[in-house]
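Structure record follows, encoded as structure tokens.
The values are calculated or read from the model by the stated rules, or taken from the named source; none is laboratory data. As the structure is a prediction and not an experimental result, all values here were calculated from the model. Here the Cβ positions follow ideal geometry from the backbone for every residue, glycine too, while neighbour counts run over all protein chains shown.
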Amino acid sequence: MKVVSNTPQLITERLRESLELKTALLHDEELLEVLDSVAQVCVSALNSGRKLIFCGNGGSAADAQHLTAELVGRYLRERTALAAIALTTTAYASPLSVMITPMRKSFPDK
């Protein structure tokens, strides 16, 4: 692995980009209204005895599992578990696996 000499600069740039994105999101009234609506639907479903289902494939599968764990486990405070399920798969189980798997065999990591 090559060591990058400008690592502090890259870290600063990534943090600045993250901050700029979050600042823009905070000022996006339409997005905030949509997020509020989604949150209300989720709370209503949980209060009605329903469960939340998160789905994902690949990296999104990890996100789905993380969100589920935060609800089933305890997130900021001690509380009872909330009903949630993660439905996940991997890239190898997707329709692209027909192409990806042989490609990975043809071009192994060095």
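Conditions (1) assigned by TED's automatic domain parsing to the domain that holds Leu82; (2) modelled with pLDDT of 95 or more; (3) of a type in the set (A, V, I, L, M, F, W, C), marked per residue:
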residue	(1), (2), (3)
Arg14	no, yes, no
Thr23	no, yes, no
Glu30	no, yes, no
Ser37	no, yes, no
Gln40	no, yes, no
Ala45	no, yes, yes
Gly56	yes, no, no
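Is one or more of the residues making up the stretch 34-50 under 26 Å from Thr89 (Cα atoms) and outside any helix (DSSP H, G or I)?
yes
Identify the single condition in (1) at positive phi; (2) loosely packed, with under 10 Cβ neighbours inside 10 Å that Gly58 does not satisfy, given that it satisfies every other one.
Gly58 satisfies every listed condition except (2).
Is there any pair linking a residue in the stretch 9-24 that is of a type outside the set (Phe, Trp, Tyr) to one that is modelled with pLDDT of 95 or more, with Cβ under 7 Å and at least six apart or on different chains, and which?
Every condition considered, no pair remains.
Within the stretch 1-33, how many residues are part of a helix (DSSP H, G or I) and over 28 Å from Leu71 (Cβ atoms)? Outline the logic, then answer.
If we filter the stretch 1-33 for residues that are part of a helix (DSSP H, G or I), which is where we start, we get 7-26, 29-33.
From what is left, the residues that are over 28 Å from Leu71 (Cβ atoms) are 7-17, 20.
So the answer is 12.
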